[in-house]
Structure formats: structure tokens, C-alpha cells
Amino acid sequence: MTPRQKYIAFLTIFGKEVRRSLRTWKQTFLPPVITTSLYFLVFGTFIGSQIKAIGGVSYLAFIVPGLVMSTLLTSSFQNMLQKFYFLKFQKTIQEILVSPMPAWLVVFSYLSSAMFSGLAVGTLVFCSALFFQPISVAHPLLAILVALLTSGFFALCGLINAIYAKTFDDLSIVSVFFITPLTYLGGVFYSVKLLPGIWSKISLFDPILYMINALRYSILGFSDMPVYHSLLVIIVGIIIAFSWILYLFKTGRGLKA
Amino acid sequence: MKQALSIKNLRKTYEGGKQALKGVDLDIEEGEFFALLGPNGAGKTTLISITCGLVQKKEEEGKVLVQGHDIDIDGDDAKVHIGLVPQEINADIFEKVEEVLYIQAGYYGISRSEAKEQIEMLLEKLSLKDKRKSKVIELSGGMKRRLIIARALVHKPTLLFLDEPTAGVDVELRHDMWKFLRELNESGVTIVLTTHYLEEAEKLCKRLAIISHGEIKRLGTMEEICNGRKLEDVYLEITK
Ligand SMILES: Nc1ncnc2c1ncn2[C@@H]1O[C@H](COP(=O)(O)OP(=O)(O)OP(=O)(O)O)[C@@H](O)[C@H]1O
Ligand SMILES: [Mg+2]
């Protein structure tokens, strides 16, 4: 395929998937915005007023980056997982496997469309937070970079999950046993510096902690660890996930009999 | 004559141990209308799926060349030439008929404006014009079949695989479809057809292979294989 043909193929997949996400906005965009708004209301406004400021900001402001990050990563993951599993389940993936599109292009096109949804949800959640608490973003460009990288990483994880999944039951394992616990233990609601000794050490093995802190630094200007640590963890994660997927496409694992 | 498809010693063992192909050799020349016959489970779909990149083949499991392109080396170049009408209907059920075709064109890097003429022609020829705005889920079985035939032709392939294309299509439409396929073949497209209707193969194809238990049992022209007998009798004798 020529570069122009690749570009058309990319636009075809991206356009098709984005249109579908927009068409099903009640499932894609609405639930995460409502859920996090409730978090802002309950933990931020009702309970948060009883909690003293962390790092010089109100408790509500403190939890905003964590909640934005957790919805962003969950949406990116779920969006890709459902899209791709459906494609496999319905066998429409065959149209793509038969076509001359190289594997990386297929992955990149799906990745972009899942990131679009993830980032849109993240943005909506952030905007809804502004209703409860005005926040000025300390490092806006860094915030965008962190959001892009995290969204990409989790979309790739969703793709890996979808490729390995054989039944509908396999769709929830990663999310229930890894993503949800690691998110809640990743410092959405607290600073790991406040944890007793051993717990703060254990927390450092949680990759989501780095992502949440990277966004917290970008938005609020402070975090539990240097931001370049966080960026390094995410970039390494993306490289591993992308290579893993290309390997799966090459060997046909989970995609071909 | 150049070969549209050349298969050398192709073997395939599925996960779980089922040996679906046991060393198949097959050469099909450009412009042929070729029938691949055989009972259920013979390995017809497996052979086609490997060629199209839907079933995994290891390098040591034989060689497949499509218009001279080795699928293990330049698979993406090989795929440009192939059109596939799969046995199982796999179109996206929530998409509109017309959209299925435009999306297919997109996968081959063909823009909407470039694809328009071909898609209009296919909608017309396969009697799908008044269904163009319907969702796939709303089509009858025979209409879905015609849609996936149209879909396979959007990018103007030179080698077309038809895996039981007329299953579930009514008598009248089947005759229209034969006419259409014959025209397509006359325009230069090489066609490989699998079917369980032997008279369909007799009507359309000059050469055929009869495959059973993963091996080609007979290969040749209709006359060579039948030798004055009825195809059905020969077929039953070979595959029993
Ligand atoms: N994905 C798979 N995993 C394991 N075995 C398979 C798979 N697909 C096909 N087989 C087996 O391989 C053999 C050949 O199957 P194939 O689908 O190629 O037959 P076929 O000639 O197309 O039959 P039919 O006329 O029924 O379509 C069968 O025994 C089948 O059970
Ligand atoms: Mg078959």
C-alpha cells in the first residue's frame, strides 16, 4: 500500500469507530461523567469539607486528577476491549485480516479511535469537576501529554485482553482483578506519602500510581514522585504493549485458527 | 500462461490435532474458473482461508503463491489481488449495505469517490440497489450472501474465492448469479468456487479438484475426470 492508501485505510477505521462511539454516547460518555460527578459531590463536597487540605489544595481539588485519570484509563481500556472483542465475535475482523493493511496500521487505527473516546471522557470529567471547584492547570501541555500516553497504554492493554479473550467472561478479568484495584490503590483519594511505611513502599510497584501522580503534577503542580519517573514508566509500558500486539498479529494468536 | 494461484505441499494441523490438509499441490492459471469440490470437512475452507490469511500457516507447512507473491514473504502484496466470499457471513450487522462496501474499499486504500463507480455497478448487478440504505441485520440470508459477494469485488481483485456462494440463494437469483460470475470470469478474473451443488460446478467450471480428508483425490478438466460418466457418480465413488 502507498502512504496515501494507508492514510485512507486509517481514516476508514478511525471514522467508522468514532462515529459508532458518538452514536452510542449514552453508553460511552454519559455513565462515567455521572459516576465521577457523584464522587466529586460525595467525597469532595460532602466529606471533603471535613478533611484538611493536602499540599495546600482542598481535598476536592486533590482528588480531581486521580478521578480524571481513572475514568480516562478505564474508558480507553473498555472502549478498545469491547470494540475489538465484538469484531472478533462477529467475525468482521476477517475483513481486516484479508485486506492488505499491515498489522501496525490496524493497531494504530483502532488505538487512535479508542484514545479518542478515552480522552473525550477524560475531558468531560475534568469539565464537570470545574462545576464543583475552579482549578487552574499548572502545566497544560504536560497534562495533555500524560493523558495521551496513559490513554494509549490502556487502549493497548484492552486490545491485548480482547485478543486473548475466548468468551464474554474473559472480558472482565483484567478489569476486575488488575485495573480497578490498582487504580483505587494508586492514590486517587490519598497521597502515598501519608501511608504507613510498608504500604507506601508496596504502592511504588503500582504503575497506575505513576500515571495518577503525573497528571496530579501537571494539574496541581505537585506529586508524590518526580514526573519524569512517571513518564518513563508509561512510555516503557506502551513500547512493551505495542510489541506484544504486533507479535500476536504475526503469529495469529487469538486472531487466526 | 501465468499462475494466479500456486500451492505446493500445503499442510495444516489445527490446534487440538485435527490434520485438515495433508500435502496439497494445486496450480490454477490466470483466467480459469475452477471448482474445488469435496464433502463436509474435506479441507476446502481451510485451503482458502490459509491463502487469504485467515488461518495461520507456518513457513514449513508448504508454499502458497498468489500472482507470484509468496504469502509468507509479501503477504500484503498477495492480498491486494484476492477477493474472498467466505462461507460464513461476516458482515457487520449494524452497518448499512452501502456503507459495508465503502468501508471495504477504505481497507484497500480506495477513497469514497474512487470507489463510487464500482460500488454502484455492484449494487446494480447484485440487485441490492433498493436495499442500499438498509442495515445488514435487516437483510434476508440470500441478500446477505449477495452483499458479501459485492464486498469481495469492491477492490477489483484478480483472484476470487467463492466459498459456497449460492448456499441459501433462490433458484432465480442463482441463475442471475451464475450469469454474473461467468461475465466476471470472461472479463479476466480467476475464480475458485466451492459448492455442494455439482451441477453448478458442471455449468460454470472447466477444471476441478475433488478433495477429501485433506488430500486432492482427482484433479483435471471436467472431461478427464468424468470420462463420459456423470460427475455425481464419479464424485460419490471418490469420496465414499
Ligand atoms: N478452527 C478450527 N479448529 C479446529 N479444527 C478445524 C477448524 N476449522 C476447521 N477445522 C477442521 O478441519 C477440517 C476441515 O474443515 P474445513 O472447514 O476446511 O472443511 P470444508 O471442506 O470447508 O467443509 P464444508 O463443506 O463443511 O464447508 C474439519 O475436520 C474441521 O472440523
Ligand atoms: Mg467449508
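The values are calculated or read from the model by the stated rules, or taken from the named source; none is laboratory data. Here the structure is a predicted model, which means the values were calculated and not measured. With ideal geometry, Cβ positions are generated from the backbone for all residues, glycine too; neighbour counts draw on all protein chains shown.
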Strands (runs of 3 or more DSSP E) (entirely within region B:1-117) containing at least 3 residues that are within 16 Å of ligand 2 (Cβ to nearest atom): B:19-29, B:33-37
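Residue-wise test of (1) over 21 Å from A:SER112 (Cα atoms); (2) at pLDDT 90 or above; (3) small (Gly, Ala, Ser).
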site	(1), (2), (3)
A:PHE153	no, yes, no
A:GLY158	no, yes, yes
A:PHE168	yes, no, no
A:LEU195	yes, no, no
A:ILE202	yes, no, no
A:PRO226	yes, no, no
A:LEU231	no, yes, no
A:LEU246	no, yes, no
Breaking point among (1) touching a helix residue (DSSP H, G or I) at 6+ places or on another chain (Cβ under 8 Å); (2) within 16 Å of ligand 1 (Cβ to nearest atom); (3) not aliphatic (A, V, I, L, M), for B:GLU95: (2)
Test: residue in region A:45-63 that is free of Cβ contacts under 8 Å to residues at least 60 places away in the same chain and β-branched (Val, Ile, Thr): yes
Residues (surrounded by fewer than 19 Cβ atoms within 10 Å (Cβ to Cβ), farther than 21 Å from B:ILE137 by Cβ and more than 7 Å from every other protein chain (Cβ to nearest Cβ)) located in region B:78-127: B:ARG112, B:SER113, B:GLU114, B:LYS116, B:GLU117, B:GLN118, B:GLU120, B:MET121, B:GLU124
Single residue of region B:59-77 satisfying the filter (within 12 Å of another protein chain (Cβ to nearest Cβ) and among the β-branched types (Val, Ile, Thr)) that is surrounded by the most Cβ atoms within 10 Å (Cβ to Cβ): B:VAL66
Test: residue in region B:140-154 that is within 13 Å of chain A (Cβ to nearest Cβ) and β-branched (Val, Ile, Thr): yes
Single match in A:GLN50, A:GLN82 (criterion: closer than 30 Å to B:GLN104 by Cβ and surrounded by fewer than 24 Cβ atoms within 10 Å (Cβ to Cβ)): A:GLN82
Odd one out for A:PHE43, checked against (1) crowded, with 17+ Cβ neighbours inside 10 Å; (2) of a type in the set (Phe, Trp, Tyr); (3) under 21 Å from the mean Cα position of the chain (by Cα): (3)
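Kindly indicate whether any position in region A:2-9 is within 12 Å of chain B (Cβ to nearest Cβ), over 27 Å from B:GLU98 (Cβ atoms) and modelled with pLDDT of 90 or more.
Taking region A:2-9 first, the residues within 12 Å of chain B (Cβ to nearest Cβ) are A:2-9.
After this cut, where a residue has to be over 27 Å from B:GLU98 (Cβ atoms) as well, the list is A:3.
Right, trim to modelled with pLDDT of 90 or more and you get A:3.
Yes: one or more hits.
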Residues of region B:192-222 that turn out to be crowded, with 20+ Cβ neighbours inside 10 Å and of a type in the set (Ser, Thr, Tyr), as a count: 2
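Would you check if A:SER49 is more than 14 Å from chain B (Cβ to nearest Cβ) and of a type in the set (Ser, Thr, Tyr)? Break it down stepwise before answering.
Working: more than 14 Å from chain B (Cβ to nearest Cβ): yes; of a type in the set (Ser, Thr, Tyr): yes.
Yes: the conditions hold for A:SER49.
Return yes or no: is B:GLU200 modelled with pLDDT of 90 or more, within 16 Å of ligand 1 (Cβ to nearest atom), within 30 Å of B:LEU128 (Cα to Cα) and part of a helix (DSSP H, G or I)?
Working: modelled with pLDDT of 90 or more: yes; within 16 Å of ligand 1 (Cβ to nearest atom): yes; within 30 Å of B:LEU128 (Cα to Cα): yes; part of a helix (DSSP H, G or I): yes.
Yes, satisfied.
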Per-region count, region B:8-41, residues out of contact with any Ser or Thr (no Cβ under 7 Å at 6 or more places or on another chain), near ligand 1 (Cβ under 7 Å from one of its atoms) and at positive phi: 2
Residue within region A:243-253 that is within 14 Å of chain B (Cβ to nearest Cβ) and not in a helix (DSSP H, G or I) present: yes
Looking only at region A:120-159, and only at residues there that are small (Gly, Ala, Ser) and part of a loop (DSSP other than H, G, I, E, B), the one that is surrounded by the fewest Cβ atoms within 10 Å (Cβ to Cβ): A:SER136
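Quick check on B:GLY188: is it in contact (Cβ under 8 Å) with a residue 40 or more places away in the chain, loosely packed, with under 14 Cβ neighbours inside 10 Å and either within 16 Å of ligand 1 (Cβ to nearest atom) or not acidic (Asp, Glu) (or both)? Step through it out loud before you land on a result.
Working: in contact (Cβ under 8 Å) with a residue 40 or more places away in the chain: yes; loosely packed, with under 14 Cβ neighbours inside 10 Å: yes; either within 16 Å of ligand 1 (Cβ to nearest atom) or not acidic (Asp, Glu) (or both): yes.
Yes.
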Qualifying residue in region A:160-182 (condition: closer than 16 Å to A:SER230 by Cα, outside any loop (DSSP other than H, G, I, E, B), touching a residue at least 40 places away in the same chain (Cβ under 8 Å) and among the hydrophobic types (A, V, I, L, M, F, W, C)): no
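One line per residue, one yes/no per condition, for (1) touching a helix residue (DSSP H, G or I) at 6+ places or on another chain (Cβ under 7 Å); (2) within 28 Å of A:THR251 (Cβ to Cβ):
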site: A:GLN94; (1), (2): no, yes
site: A:TYR110; (1), (2): yes, yes
site: A:PHE126; (1), (2): yes, no
site: A:PHE153; (1), (2): yes, yes
